[in-house]
Amino acid sequence: MSVRVVNEMKRVKVRGDRDTKSYRGDGSADSPDGTQSIHERGLSRLLSQPIILAIAGAALLWAALPPLDWWPLAWIAAVPWLILIDSPKTWTRRQYIQWGIVGFFFWMAALHWLRLPHWATSFGWVALSFYLGWYLPAFIGLSRIGVRLLRLPLNVVAATVWAGLEVVRAHLLTGFTMASLSHTQYRWISLLQIADLGGAYAVSWVIMFETSCLYLAAKRFREIWFARTAGQGVVPQPRMKMDSLAQTVRQTILRAAPPLIVGSLVLGTTLLYGQWRLSQFKTGQVNRSVRVALIQGSEDIRLEDSEEKRERIHRHYLDLAFQAARSHRDLDLMVWPETVYGGFLIDHDDSPAVPATWADSDMTPERFREQIGKAREHSQRSLETLAQHLRCPLLIGVETVSYTSQGPRIFNSAAYVALCEKINASQGGRERFSDGTDVKEANEESGKKGDSTGQRYCYFGRYDKMHLVMFGEYVPFADVIPLLQRLTPLSTSTTPGRTPVAFPVGSLLLSPNICYESVIPHLIRNQILTLRAQGQEPDILVNLTNDGWFWGSSELDMHLICGVFRALETRKPFLIAANTGFSAHIGPDGRIYQQGPRRDVAILVADVTRSPLRSLYLDYGIIPNTLLVSFIVLLVIAKCLSASRTFQRKITFRRSA
């Protein structure tokens, strides 16, 4: 027998051995001639270039978010990433860095509007995108620990890791939750109702769980049908033997159906819970309590805007306010957006220090205190006079300058002006308003001005924004290193407020928050719990924001969606007064009852009621948040222990060698 014949027989034997392995443990199948199927070759090529899968997932998720808002894509967006998680390959550090770069460009595209306020904010856009970009490789890496090291189910691991990372993202580096996975579904009201159990994170968990179940079912379907194809040696034909086809169908049902059944049960339970909660809301509805006008002007903002532009914005809102007051005589409150009031609110503590810029003047501390006291009274009277002319209580966005013993401080505030309370006269005295003004004298003065209502408006206080935007409202460590402030376009840094406030409006209590405070779930939740402990739990939440910085971009949509989830998580009506949009009236069920236009003026009049529903997330939200983060911590610990054992084995092997 020739050598050529012997070699040919060996090749046939090797080919026969391959035929006996129609299905391999990694889910791939070889055809009888020893080559991979077309499908397997395509999957192998994808896994050889994992950055393509990372880009595909990022592109799908971006398309599901504003501005495209193709929300159904969110249910399959993570499939390419799940392939990377489930792959038996060992990914290198270089590949994780590549995924971080993909995440960086995803966030650059999603947050493109951060470059609009000023050229210098582009640095913040790049820095924030770079930070957020690493959550993608973290998701893939942590999920692989759970699936491959701990042998936990992929659907449970991926969903829990994703939701846990969203909790981390909400807390780390002041917090940022825009463009969360759950935000893609803000119109699916019955799905969103579980937010009163686990916040927006619970909705994200369900979406990722369903995506994982779909992936597992598709993977098992592929394994069965392509293994069958490889066993036949040909591409499946329409005239297959019926018994073979029936056997394959049975295998498909037995193996591919369980993930679909589990996913259907989870989604079905979620939707049933949502419908039950919505039915409770309908049966528990109460009559109108307060009527609130939300004033939406349309003035784009830039950091370099002049005082003339500030005055023009003020006049613009004055025109809209008087228009609303004339059209609606029965308003209980009128709300202006953040910082659109043209003047400043002046305040001081018991011993205000003379500013350093006045050091060369003859101003003594006593005289300065007297002048600042008059300025404070004048600024408050200006707000009271505005409410008097409008004949309506006001919640108005204003900048506060407070002179303290440590120097002047700037606050981003919401000032509240309402009808003064009459204090009954003591024996032999005269009746007065709560600000000390004599009622009879005030009525006589009002009569001279043509106002016969006998009503007087008083300044009741303000709320100072507690959660500030880094590099947007303050520069870190600028109070210690003043040079840092001069390196930015911000002339001064804003001081954070210390405590939430609730104002009485009719028979209800209203608590304001400002700008991006509505982006942070735990901030709003903690404010409500703080007020509850003081016996002042609010019935209504209202957000004053100035989104004119972003020129009608998709930021308006993302900010509005945050308000939807804050309403659901707290089960309280959520009102938004926004410059350039979107002003909105959001119910405690998450429905957007009214919404202003994009980059245009509007006056929204909302009839707001107390919610009949209670939120478990408001009461016990720390529990699901802690569980999600704890799971991530456990994965990290498991990886560290595994790496430690591997290292010890290497040391032992070297010593024995």
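Does segment 483-511 hold any residues that are part of a strand (DSSP E or B), in contact with a Lys or Arg (Cβ under 8 Å, 6 or more places away or on another chain) and not aliphatic (A, V, I, L, M), and which are they? Break it down into steps so the answer makes sense when it comes.
So the first thing to find is which residues in segment 483-511 are part of a strand (DSSP E or B), and the list is 494, 503-505, 508-511.
This time we only want the ones that are in contact with a Lys or Arg (Cβ under 8 Å, 6 or more places away or on another chain), so: 494, 508.
Hit for segment 483-511 is 494, nothing else.
What are the residues in segment 462-482 that are touching a residue at least 24 places away in the same chain (Cβ under 8 Å), in contact with a helix residue (DSSP H, G or I) (Cβ under 6 Å, 6 or more places away or on another chain) and in a loop (DSSP other than H, G, I, E, B), if any?
467, 469, 471
Please go through segment 517-557 and give me each residue that is touching a strand residue (DSSP E or B) at 6+ places or on another chain (Cβ under 8 Å) and among the hydroxyl-bearing types (Ser, Thr, Tyr), ordered by number.
Selection gives 518, 545.
For segment 58-79, give me each residue that is more than 14 Å from residue 214 (Cβ to Cβ) and either aliphatic (A, V, I, L, M) or part of a helix (DSSP H, G or I) (or both).
Those that are more than 14 Å from residue 214 (Cβ to Cβ) and either aliphatic (A, V, I, L, M) or part of a helix (DSSP H, G or I) (or both): 58, 59, 61, 62, 63, 64, 65, 68, 71.
Based on what the data block shows, is residue 125 over 21 Å from residue 633 (Cα atoms), touching a Lys or Arg at 6+ places or on another chain (Cβ under 6 Å) and of a type outside the set (A, V, I, L, M)?
Details: over 21 Å from residue 633 (Cα atoms): yes; touching a Lys or Arg at 6+ places or on another chain (Cβ under 6 Å): yes; of a type outside the set (A, V, I, L, M): yes.
Judged against the criteria, residue 125 is a match.
Pairs please, first residue from segment 521-535 and closer than 11 Å to residue 622 by Cβ, second anywhere and small (Gly, Ala, Ser) and in a helix (DSSP H, G or I), Cβ atoms under 9 Å, 6+ apart in sequence or on different chains.
So the pair list comes out as 522/170; 522/199; 525/199.
Could you check segment 567-597 and list, in sequence order, the residues that are out of contact with any strand residue (DSSP E or B) (no Cβ under 9 Å at 6 or more places or on another chain) and open to solvent by 10 Å² or more (accessible area, probe 1.4 Å)?
Selection gives 591 alone.
Quick one: which of 203, 168 is crowded, with 24+ Cβ neighbours inside 10 Å and hydrophobic (A, V, I, L, M, F, W, C)?
Checking each option against the conditions leaves just 203.
Taking residue 617 as the residue in question, decide whether it is open to solvent by less than 20 Å² (accessible area, probe 1.4 Å) and outside any loop (DSSP other than H, G, I, E, B).
Spelling it out, residue 617 is indeed open to solvent by less than 20 Å² (accessible area, probe 1.4 Å) and outside any loop (DSSP other than H, G, I, E, B).
Could you please find all residues in segment 184-195 being of a type outside the set (S, T, N, Q) and open to solvent by less than 10 Å² (accessible area, probe 1.4 Å)?
Correct list: 191, 192, 195.
Restrict the check to segment 285-292 and report whether at least one residue is open to solvent by less than 50 Å² (accessible area, probe 1.4 Å), aliphatic (A, V, I, L, M) and within 26 Å of residue 589 (Cβ to Cβ). Before you say what the answer is, go through the steps one by one.
Here is the first cut: in segment 285-292, the residues open to solvent by less than 50 Å² (accessible area, probe 1.4 Å) are 289-290, 292.
The next check asks that each one be aliphatic (A, V, I, L, M); those that pass are 290, 292.
Filter once more, so that each one left must be within 26 Å of residue 589 (Cβ to Cβ): 290, 292.
Within segment 285-292, one or more residues are open to solvent by less than 50 Å² (accessible area, probe 1.4 Å), aliphatic (A, V, I, L, M) and within 26 Å of residue 589 (Cβ to Cβ).
In this structure, is residue 157 assigned to a helix (DSSP H, G or I), open to solvent by less than 10 Å² (accessible area, probe 1.4 Å), farther than 20 Å from residue 111 by Cβ and touching a Leu at 6+ places or on another chain (Cβ under 7 Å)? Steps first, answer last, please.
Working: assigned to a helix (DSSP H, G or I): yes; open to solvent by less than 10 Å² (accessible area, probe 1.4 Å): yes; farther than 20 Å from residue 111 by Cβ: yes; touching a Leu at 6+ places or on another chain (Cβ under 7 Å): no.
Taking the combined requirement at face value, the residue does not satisfy it.
For the condition surrounded by fewer than 22 Cβ atoms within 10 Å (Cβ to Cβ) and either assigned to a helix (DSSP H, G or I) or out of contact with any Cys (no Cβ under 6 Å at 6 or more places or on another chain) (or both), what is the one hit in 543, 526? I'd like the intermediate steps shown before the answer.
Numbers: 543 fails: surrounded by fewer than 22 Cβ atoms within 10 Å (Cβ to Cβ).
Only one candidate qualifies: 526.
Can you tell me how many residues within segment 622-657 are more than 19 Å from residue 150 (Cα to Cα) and either in a helix (DSSP H, G or I) or modelled with pLDDT of 95 or more (or both)? Even if it seems obvious, please write down each step before you answer.
Filtering segment 622-657 down to residues more than 19 Å from residue 150 (Cα to Cα) leaves 622-626, 648-657.
Imposing the further condition that a residue be either in a helix (DSSP H, G or I) or modelled with pLDDT of 95 or more (or both) reduces the set to 622-626, 648-656.
Total meeting the criteria: 14.
For the condition hydrophobic (A, V, I, L, M, F, W, C), closer than 23 Å to residue 582 by Cα and touching a Lys or Arg at 6+ places or on another chain (Cβ under 6 Å), what is the one hit in 514, 540?
So the residue among 514, 540 that is hydrophobic (A, V, I, L, M, F, W, C), closer than 23 Å to residue 582 by Cα and touching a Lys or Arg at 6+ places or on another chain (Cβ under 6 Å) is 514.
Inspect all residues belonging to segment 477-497 and state whether any of them is among the basic types (Lys, Arg) and open to solvent by 30 Å² or more (accessible area, probe 1.4 Å). Can you show your working first?
Initial filter on segment 477-497 (among the basic types (Lys, Arg)): 486.
Next, from what is left, pick out any that are open to solvent by 30 Å² or more (accessible area, probe 1.4 Å): 486.
Yes; the residues of segment 477-497 include at least one that is among the basic types (Lys, Arg) and open to solvent by 30 Å² or more (accessible area, probe 1.4 Å).
Counting only residues that are open to solvent by 10 Å² or more (accessible area, probe 1.4 Å), touching a Leu at 6+ places or on another chain (Cβ under 9 Å) and not charged (D, E, K, R), which one in segment 598-614 is nearest to residue 199 (Cα to Cα)?
By that ranking, first place goes to 609.
Residues in segment 601-612: is at least one without any contact (Cβ under 8 Å) to a residue 40 or more places away in the chain and on the phi < 0 side of the Ramachandran plot?
Keep residues of segment 601-612 that are without any contact (Cβ under 8 Å) to a residue 40 or more places away in the chain, which gives none.
Within segment 601-612 (the criterion being without any contact (Cβ under 8 Å) to a residue 40 or more places away in the chain and on the phi < 0 side of the Ramachandran plot), the answer is no, since none of the residues qualifies.
Given the residues 82, 47, which is the only one that is more than 17 Å from residue 176 (Cβ to Cβ), in a helix (DSSP H, G or I) and modelled with pLDDT of 95 or more?
Being more than 17 Å from residue 176 (Cβ to Cβ), in a helix (DSSP H, G or I) and modelled with pLDDT of 95 or more holds for just one of 82, 47, which is 82.
Taking segment 357-386 as the region of interest, how many residues are open to solvent by 30 Å² or more (accessible area, probe 1.4 Å), hydrophobic (A, V, I, L, M, F, W, C) and modelled with pLDDT of 90 or more?
Qualifying residue count for the region: 1.
Take residue 347 and tell me if it is open to solvent by 20 Å² or more (accessible area, probe 1.4 Å) and assigned to a loop (DSSP other than H, G, I, E, B).
No, not satisfied.
Kindly indicate the residue of segment 458-474 that is at pLDDT 95 or above and among the aromatic types (Phe, Trp, Tyr) and also surrounded by the fewest Cβ atoms within 10 Å (Cβ to Cβ) among those meeting that condition.
460
If we keep just the residues of segment 498-523 that are within 24 Å of residue 418 (Cα to Cα) and among the β-branched types (Val, Ile, Thr), which is surrounded by the fewest Cβ atoms within 10 Å (Cβ to Cβ)?
Filtering first and then ranking leaves 499.
Given the conditions (1) touching a helix residue (DSSP H, G or I) at 6+ places or on another chain (Cβ under 7 Å); (2) modelled with pLDDT of 90 or more; (3) assigned to a loop (DSSP other than H, G, I, E, B); (4) not charged (D, E, K, R), which single one is not true for residue 354?
(2)
The values are calculated or read from the model by the stated rules, or taken from the named source; none is laboratory data. Computed from a predicted model, the values in this text were never measured in an experiment. Using ideal geometry, Cβ is built from the backbone for each residue, glycine included, and neighbour counts are taken over all protein chains shown. Note: areas computed on protein heavy atoms with side chains; ligands, DNA, RNA excluded. Shrake-Rupley method; radii C 1.70, N 1.55, O 1.52, S 1.80 Å.
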